[in-house]
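What follows is calculated from the coordinates using simple rules that are stated; it is not laboratory data. Source: prediction; values computed, not measured. Note: ideal-geometry Cβ built from the backbone for every residue, glycine included; neighbour counts use all protein chains shown.
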Amino acid sequence: MDVERLLKAVATPEKIRAFQRPLLRWLRRYGRNLPWRRTRDPYAILVSEFMLQQTQVATVIPYYDEWLRRFPDFASLARASENDVLRAWQGLGYYARARNLHATAKAVVHRRRGRFPRSIEQMQKLPGIGKYTAHAVASFAFNQSVPIVEANTARVLTRLFNLRKAIDSVAGRTTLWEHAASLLSKSNARIYNSALMDLGALVCIPRKPNCGICPVKKFCLAKNPKTLPVRKSRPRTTRLVEKHAFVVRQGKILLEQSSKRWRGMWILPPLKLDGLKPSNSQQRPLYTSVFPFTHHRATLQVFRHGAQEITNEQRRWFRIRSLDSVPIPSPHLRAITDLLGVPRLRGPGVRTPQSAG
Ligand code: SF4
């Protein structure tokens, strides 16, 4: 019998309790005091889960607080314009999350009379809610006895079970969810799942797990935890150069509404489109920066340009002093604030280094 089958066979309620007891004791003493842990409101928990995808906790906290102040419930978010939603998300990056959260709020208000479903199956019918998010809300808002597998719990579980399958493969993911379920008890999923996440965030960390202080060390099967989890080889990073125009006149700046990566947000007009090209005398960029997004490393180059361009449906002049209310992705916002020499435009938090702004 292999290790995985053996563990499944011995996961009796007594053994689960023996595993959970020191973990929960550790959580009471060292667990993180996170704002979304102080509520059972499915809306607030859903907001935190959307924000935490791809983004670190410290970055999310100020955005979460500000978001709940501006949009305290599904109804207020459903009423908001896309412009206001993207502006509130500005700096968190991966804006599809904001659009999906907005669409979910509208669906809850208009199709479900404002009531968020308790059923995982129903939750997964809402925009942007996959298995992990549905399980997280079911566990943290409704205390349903369901496992969760995200970056922190995945790392802990692969090490506890010495799982050598790639966790980004179908077989690896399936096994992880099975392991997560095998350690769950019926009554305290909310606390237990929080404990497993915090263990991954604070002790069972990526490169240097602190096994010496780990509350579940005696249950751990990892032979060489630093090498876990195993992942398939990552796609190579692609380098891009993106050229944009800096066009200002009479206290206004020309921006274009993106229909691609930053759909709905306002960016410096792309060059090489619609005849916009850097003139021969302006070949040297005024501003250059590098930013990552998914598997890309993009170099943003901004060139001064004349104001002869015609404003079309995608392009508009904005008063520079009103830019605070305009959703602009961080790489472009940094270029604009730098080139205009104005203090950093308002934003609730610090941009996450992994995000595309
Ligand atoms: S003993 Fe080490 S590898 Fe195992 S769960 Fe604890 S911190 Fe992680």
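For A245, the amide hydrogen comes within under 5 Å of the amide hydrogens of L271, F303, counting only partners 5 or more places away or on other chains and with H modelled in the peptide plane. Between R164 and D84, the simple label model (points 7 Å from Cα in the Cβ direction) yields a spacing of 5.6 nm. Here K272 is the anchor, and the lysines within straight C-alpha reach of less than 19 Å, apart from those fewer than 8 places off in the same chain, are K243, K260.
Based on alpha carbons, the Rg and Dmax found for region 60-205 are 16.9, 48 Å. The distance between label points at D41 and R28 comes to 2.9 nm (points 7 Å beyond Cα on the Cα→Cβ vector). Amide H contacts of A298: L240, F291, F293, each under 5 Å away and 5 or more positions distant or on a separate chain (H built 1.01 Å from N in the peptide plane; Pro and chain starts excluded).
The magnitude of the dipole of the chain, with charges of +1 and -1 set on the Cβ of Lys/Arg and Asp/Glu and taken from the Cα centre, is near 700 debye. Taking each DSSP H run with n ≥ 4 as -39500 (n - 2.57) and averaging over every residue of the chain yields -12000 deg cm²/dmol at 222 nm. Suppose R0 equals 41 Å. What FRET efficiency, 1/(1 + (r/R0)^6) with r the Cβ-Cβ distance, do T227 and T288 give to the nearest 0.05? E between T227 and T288, to the nearest 0.05, is 0.60.
Multiplying the residue separation of R173 and R17 by 0.36 nm and subtracting their alpha-carbon distance yields 53.7 nm.
Kirkwood analysis of the Cα pair distances in region 238-340 returns a hydrodynamic radius of 13.9 Å.
Sequence neighbours fewer than 8 away in the same chain don't count; with that in mind, list the lysines whose C-alpha is under 19 Å from K226. K226 reaches K165, K208, K217, K218.
Any chance you could tell me what percent of the C-alpha pair distances in the chain go past 29 Å? List each step's numbers first, then the result.
Details: 31493 of 63546 pairs.
For the chain, the fraction of Cα-Cα distances above 29 Å is 50 percent.
Measuring between their Cα centroids, region 198-272 and region 103-122 lie 30 Å from each other. Remark: spin-label model distance L240-I205 equals 3.3 nm, labels positioned 7 Å along the Cα→Cβ axis. Please list, by residue number, everything in region 160-174 whose backbone N is under 18 Å from a paramagnetic label point 7 Å out along Cα→Cβ of K217. Output list for this probe position: 160-162.
Extension gain for R319 to V57 (0.36 nm times residue separation, less C-alpha to C-alpha distance): 90.9 nm.
Each Cα pair under 8 Å and six or more residues apart adds its sequence gap; the mean of these over the residue count of region 3-227 is a relative contact order of 23 percent.
Sequence-ordered 3J(HN,Hα) estimates for region 140-150 from the Karplus curve with 6.51, -1.76 and 1.60 and θ = phi - 60° stand at 7, 8, 10, 6, 6, 7, 10, x, 10, 10, 10 Hz, glycine and proline given as x.
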